[in-house]
Structure formats: C-alpha cells, structure tokens
Amino acid sequence: MSRITVQIPLRLLYPIEEGAALLGISKHTLIRDIRRGLVKTTRYGKRVLIPKVELFRLAAEGVQPEAKPERGTSPTLEER
C-alpha cells in the first residue's frame, strides 16, 4: 500500500491559496465564502490571511449554505 506524505508548514495564518489547497477546495470557492462572510480572515498589510483555527473549523464543520427564500415570496424590507 502506498502512503501519501504532505508537509504542511506550521503557521498561525495561511494565504488564501494555501488555505484552499489544505481544505481541498478551489481558491475561487474560498474567496466566494470569504466575501459572503462565512469565513473569518485577517489582514496583514494588503494580504488577506486565514487563521489556522478557522481552517480547522471549516474542516470540521464546513460552511452552512445560505437559506434561499421560498418560491413566490418577495423579500421583506429588512432583507433588501
């Protein structure tokens, strides 16, 4: 049986590209979830970084999909 070995650098913060690779998702999916406010990030200068604990949370819990309004209903003023 073959064994796959991956070296993960021990850091407190990871760039988006590395975070996406560690989670096994695309960079674009992670960016979309960040923009929706579903993933916590921090900024260091111009760089957007994801805390290690947030990556562990995403791996354990995942991202909860946003609730879609039922068909035929219009959004209320608060939802607009």
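When you restrict to C-alpha pairs under 8 Å that are six or more residues apart and normalise by the size of region 1-51, the relative contact order lands at 37 percent. For Leu22, neighbours were defined as the other residues whose beta-carbon sits under 13 Å from its Cβ, and their charges (Lys and Arg +1, Asp and Glu -1) total +1.
Can you figure out the FRET efficiency of Lys27 with Ala60, using R₀ = 25 Å and their beta-carbon distance, to the nearest 0.05? That pair, Lys27 with Ala60, gives E of 0.75.
Rule-based calculations on the coordinates, nothing more; no lab input. None of these values were measured; they are calculated from a predicted model. With ideal geometry, Cβ positions are generated from the backbone for all residues, glycine too; neighbour counts draw on all protein chains shown.
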